[in-house]
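Take a look at the structure set out below.
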Amino acid sequence: MSGGTSKNFRTPLGLVRGRGAARSGTEDFWLQRVTSVAGIPLTIMAIVIGMLLLGRNQAAVAQIVGSPLVAVIMLGFIICTVLHMKIGVQEIIVDYVPDESMKLTLLLANTFYCWAIGLVCVYAILKMSFGV
Amino acid sequence: MADTSSPNRRVRAERPLSPHLQIYRLPLTMLMSGFHRVTGFGLYFGTLLLAWWLLAAASGPNGYAKFEWFIGSIIGQLLLLGYTWALIHHMLGGVRHLIWDTGRGFGPQEREWLARATIIGSLSLTLIVALISYLFMGGVR
């Protein structure tokens with residue numbers, strides 16, 4: 001294997017690198033579990049916050065969502081949700097879309113959509129918090 | 001021997017290869033598995049509602065009035081109710097998956113019980129949230 005006559009120029013290390021070494025090949029799997037555990041209290045709190053804001057006018061909603069505790073909880077809920085839904089829909093795409101170019105297009109669209117949702121929500125919450 | 005190793009020989013599957021509805025009946029556990037994925041996918045687009053709400057609240061009274069008009073309409077109310085149910089159902093389904101992740105809850109009675117708890121729990125919690133919202137929180141004006 002190590003002789004110069006070998007047709008394989010790649011070293012054993014070069015062959016295994018980038019193929020998902022121990023504990024990093026399951027990155028999405030693990031992140032999905034982390035965000036689902038974090039999502040339980042965050043979802044309950046987000047539902048309660050949503051209920052408390054029902055029927056209030058814009059000024060009141062902006063003030064309450066922008067207050068430190070509520071803003072931090074909502075930011076946590078948004079970030080957790082976006083990370084979780086990106087992996088979830090990625091899983092759905094690779095399950096149901098066999099065509100390679102269509103799959104890549106949808107995976108790209110999924111990434112952009114999740115980033116867009118995340119950015120919009122985070123920006124809106126920060127704007128209400130800092131009142132710019 | 002030569003016959004069995006032939007690449008052209010079509011091997012007939014003796015068992016169904018995937019949990020397909022034409023092959024299997026639809027037990028509650030399978031239905032709840034589907035519900036978990038469907039509610040997750042629904043929430044994916046339902047998040048647009050959340051983003052709109054936050055952006056409208058951040059933009060000012062005019063933008064918020066448009067959102068309030070939409071969410072107060074029948075379609076908006078149904079979407080909000082559906083989003084709430086999907087959120088709660090997906091959360092309870094997630095708890096079920098986390099229990100499974102610990103290696104527990106796979107027995108015939110356990111998984112049946114978990115499936116029932118998920119759907120009954122999500123429907124009753126959604127009803128409670130909706131009732132409290134309308135009776136005590138003033139609902140959406």
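Keeping to segment B:51-79, report how many residues are within 9 Å of another protein chain (Cβ to nearest Cβ), touching a residue at least 24 places away in the same chain (Cβ under 8 Å) and touching a helix residue (DSSP H, G or I) at 6+ places or on another chain (Cβ under 7 Å).
Final tally of qualifying residues: 0.
For segment B:81-103, which positions are more than 9 Å from chain A (Cβ to nearest Cβ) and either over 17 Å from the mean Cα position of the chain (by Cα) or not in a helix (DSSP H, G or I) (or both)?
Of everything in segment B:81-103, those that are more than 9 Å from chain A (Cβ to nearest Cβ) and either over 17 Å from the mean Cα position of the chain (by Cα) or not in a helix (DSSP H, G or I) (or both) turn out to be B:Ile99, B:Trp100, B:Thr102, B:Gly103.
How do the helices (runs of 4 or more DSSP H) wholly within segment A:1-112 filter down when requiring 2 or more residues that are at pLDDT 95 or above, at the interface with another protein chain (Cβ under 10 Å from one of its Cβ atoms) and out of contact with any Asp or Glu (no Cβ under 7 Å at 6 or more places or on another chain): which remain?
By residue number, A:27-52, A:58-66, A:68-96.
Got a sec? Which of B:Gly103, B:Gly76 is surrounded by fewer than 18 Cβ atoms within 10 Å (Cβ to Cβ) and touching a Phe, Trp or Tyr at 6+ places or on another chain (Cβ under 7 Å)?
Testing whether each residue is surrounded by fewer than 18 Cβ atoms within 10 Å (Cβ to Cβ) and touching a Phe, Trp or Tyr at 6+ places or on another chain (Cβ under 7 Å) leaves just B:Gly76.
In segment B:104-141, what residues are free of Cβ contacts under 8 Å to residues at least 12 places away in the same chain and within 14 Å of another protein chain (Cβ to nearest Cβ)?
B:Leu127, B:Ile128, B:Leu131, B:Ile132, B:Ser133, B:Tyr134, B:Leu135, B:Phe136, B:Met137, B:Gly138, B:Gly139, listed by residue number.
Yes or no, residue by residue, for (1) touching a residue at least 60 places away in the same chain (Cβ under 8 Å); (2) among the small types (Gly, Ala, Ser); (3) surrounded by 13 or more Cβ atoms within 10 Å (Cβ to Cβ); (4) more than 16 Å from A:Ile73 (Cα to Cα):
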position: A:Gln90; (1), (2), (3), (4): yes, no, yes, yes
position: A:Tyr96; (1), (2), (3), (4): no, no, no, yes
position: A:Ser101; (1), (2), (3), (4): no, yes, no, yes
position: A:Asn110; (1), (2), (3), (4): no, no, yes, yes
position: A:Tyr113; (1), (2), (3), (4): no, no, yes, yes
position: A:Gly118; (1), (2), (3), (4): no, yes, yes, no
position: A:Ile125; (1), (2), (3), (4): yes, no, yes, no
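When the residues of segment B:116-139 are filtered to those that are surrounded by 16 or more Cβ atoms within 10 Å (Cβ to Cβ) and of a type in the set (S, T, N, Q), which remaining residue is nearest to A:Val61 (Cα to Cα)?
Ranking the candidates gives B:Ser133 first.
I'd like the full set of residues that are surrounded by 15 or more Cβ atoms within 10 Å (Cβ to Cβ), touching a residue at least 40 places away in the same chain (Cβ under 8 Å) and over 17 Å from B:Trp52 (Cα atoms), limited to segment A:64-88.
Once the filter is applied, which keeps residues that are surrounded by 15 or more Cβ atoms within 10 Å (Cβ to Cβ), touching a residue at least 40 places away in the same chain (Cβ under 8 Å) and over 17 Å from B:Trp52 (Cα atoms), segment A:64-88 yields A:Cys80, A:Leu83, A:His84, A:Ile87, A:Gly88.
Determine if segment B:36-50 includes at least one residue that is surrounded by fewer than 19 Cβ atoms within 10 Å (Cβ to Cβ), part of a helix (DSSP H, G or I) and at pLDDT below 95.
No, there is no match, as no residue in segment B:36-50 is surrounded by fewer than 19 Cβ atoms within 10 Å (Cβ to Cβ), part of a helix (DSSP H, G or I) and at pLDDT below 95.
It is to be established whether one or more residues within segment B:22-33 are at the interface with chain A (Cβ under 10 Å from one of its Cβ atoms), within 26 Å of A:Gly88 (Cβ to Cβ) and outside any loop (DSSP other than H, G, I, E, B).
no
Quick one: count up the residues across segment A:89-123 that are aromatic (Phe, Trp, Tyr), more than 13 Å from the chain's Cα centre (by Cα) and farther than 20 Å from A:Phe29 by Cα.
So the answer is 1.
The values are calculated or read from the model by the stated rules, or taken from the named source; none is laboratory data. A quick note: this is a predicted structure, and the numbers were derived from the prediction, not measured. Please note: Cβ atoms are built from the backbone with ideal geometry, for glycine as well, and neighbour counts cover all protein chains shown.
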